[in-house]
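Before any comments, here is the structure.
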Amino acid sequence: SLPRGGLGAIGFGAVRSTSLPASTSRRLSWRPIAAERRLILDTTASTSADRARHSSSVVSAIMRPRSVAIIGVSAKAGSAGRVVLELLHNNKFAGPIHIVGRSTADIEGHKVLSSIDDLPENLDLAVLTLPAAAVREAVEGCVRRKVKAAVIFASGFAEVGSDGNSEQDRIGAIA
């Protein structure tokens, strides 16, 4: 069993791509159809100042990450992982970007790692663009690699009913 608290924050968001006119074919838009966010804060901290520092660190890992892993990147242009990678490049993200996927080729100049366990430890943020069935294992991998926060883009959790909500709760408990 993994220790709780490996991830300081976890966010779930189901997305559906929207069609755009041909003139904007290089720009994709994603419309949230369901979203939930959870901050998993350290309640064992001895003082309120310690809890405040932890909270600030978690929010910084999400809002101003110094390093990012995108897990579930596809070689297919327009896929969710590729859109995240493109947005990081377009916004001139200066930190290291690591990608994990099934492709054997480099993607946009980044070596594709075949496993989360190949990531360096202590990354600030992991963005998971995986099918719901693969998310729990990926979150467990993020905990092993001591990733500080994760954002999950997948359908099949709370928005589909009690079974999805239960799985989302299980994943939150791992984090």
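Annotations for the structure displayed:
- Residues of segment 118-151 classified as within 19 Å of Gln168 (Cβ to Cβ), touching a residue at least 60 places away in the same chain (Cβ under 8 Å), open to solvent by 20 Å² or more (accessible area, probe 1.4 Å) and not aliphatic (A, V, I, L, M), total: 1
- Scan of segment 99-117 for residues that are surrounded by 13 or more Cβ atoms within 10 Å (Cβ to Cβ) and closer than 19 Å to Cys142 by Cα, ordered by number: Ile99, Val100, Gly101, Val112, Leu113, Ile116
- Members of segment 95-122 that are of a type in the set (A, V, I, L, M), part of a loop (DSSP other than H, G, I, E, B) and modelled with pLDDT under 95: Ala105
- Residue within segment 67-78 that is β-branched (Val, Ile, Thr) and surrounded by fewer than 21 Cβ atoms within 10 Å (Cβ to Cβ) present: no
- Inclusion of Val151 among residues that are at pLDDT below 90 and not in a loop (DSSP other than H, G, I, E, B) is warranted.
- Taking segment 108-122 as the range and being among the charged types (D, E, K, R) and on the phi > 0 side of the Ramachandran plot as the test, only Glu108 passes.
The values are calculated or read from the model by the stated rules, or taken from the named source; none is laboratory data. This structure is a prediction, so every number in the text was calculated from the model and none was measured. Heads up, the Cβs are rebuilt from the backbone with ideal geometry, glycines too, and the neighbour counts pull from every protein chain shown. Just the protein is used for accessible areas: all its heavy atoms, side chains included, with ligands, DNA and RNA removed. Shrake-Rupley method; radii C 1.70, N 1.55, O 1.52, S 1.80 Å.
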